[in-house]
Amino acid sequence: MKRGTSKLFLSYFLSSISISIIAPLFYSLTSFFSRLVKLLEAIMDGSRILIFCQTKKGCDSLTRSMRVDGYPALAIHGDKDQSERDWVLNEFRTGKSPIMIATDVAARGIDVKDIKYVINYDFPGTLEDYVHRIGRTGRAGAAGTAYSFFTPTDFKLARKLIKILSEAGQEVPAQLHQFANMAKNTEKGKQHT
């Protein structure tokens, strides 16, 4: 986070968001997708779900896979023309398509009320982007839940994420501490070679 971000701001901003970290037992696109499907089966109740991907290509690919499996998902990102982005946003806002898959274009500036779940299918490259992404839920006093898929390449962010969650008064998942230790041990190993 930027240095000027206060503990009070983080505490207020994240206070109504429940945060979960999901790490597959082994990493593959298939395992991630199957974990996402299981998560959606558990949480789908007609509420709005916003899923973030790191790339436009990943966004379109995940949307196709989900639609093939029967999920009412639409994608929004910078390669879509403005009329398509407006249509997708309207479908999501009105609940006609309760699942929207997006790049970080939706993390800032898109005002949709009542997003109950945010899923970081691809963990963002910075923690500032993480806070903006999960901030799409839990708005205006409503409760929300953020789920984040975490891979070994994301472990390097674990220590900073622990700090942000702690400063915001959030419970830090035990698994996140393990990831931070794994990243620390990996760094130590690289220093000795």
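The values are calculated or read from the model by the stated rules, or taken from the named source; none is laboratory data. Here the structure is a predicted model, which means the values were calculated and not measured. Every residue, glycine among them, receives a Cβ derived from its backbone with ideal geometry; neighbour counts consider all protein chains shown. Heavy atoms of the whole protein, side chains included, go into the accessibility calculation; ligands, DNA and RNA do not. Shrake-Rupley method; radii C 1.70, N 1.55, O 1.52, S 1.80 Å.
Structure above, values below:
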| read-out | value |
| --- | --- |
| Restraint check, 116/163; 57/156; 113/163, Cα-Cα greater than 26 Å | 113/163 |
| Projected label distance in nm at residue 42 and residue 114, using a 7 Å step from Cα toward the beta-carbon | 2.5 |
| Residue 64 - accessible surface, heavy atoms, 1.4 Å probe, Å² rounded to 10 | 150 |
| Calculated FRET efficiency for the pair residue 96/residue 171, C-beta based, R₀ 25 Å, to 0.05 | 0.10 |
| Inter-label distance, nm, simple model (7 Å from Cα along the C-beta direction), residue 57/residue 156 | 2.0 |
| ³J(HN,Hα) computed for each position of segment 85-96 - Karplus, 6.51 cos²θ - 1.76 cosθ + 1.60, integer Hz, glycine/proline x | 4, 4, 5, 4, 4, 5, 4, 6, 4, 7, x, 5 |
| Under the Karplus curve 6.51 cos²θ - 1.76 cosθ + 1.60, θ = phi - 60°, whole-Hz ³J(HN,Hα) for segment 38-45, x wherever Gly or Pro sits | 4, 5, 4, 4, 7, 10, 5, 9 |
| Under-5 Å amide H pairs with residue 52, H placed in peptide plane, nonlocal only | 102, 119, 120, 121, 122 |
| Cα gyration tensor shape of segment 77-155, rounded if a/c is under 1.5, else prolate or oblate by comparing a/b with b/c | oblate |
| Shape category assigned to segment 49-193 from the gyration tensor of Cα positions, a/c cut at 1.5 | prolate |
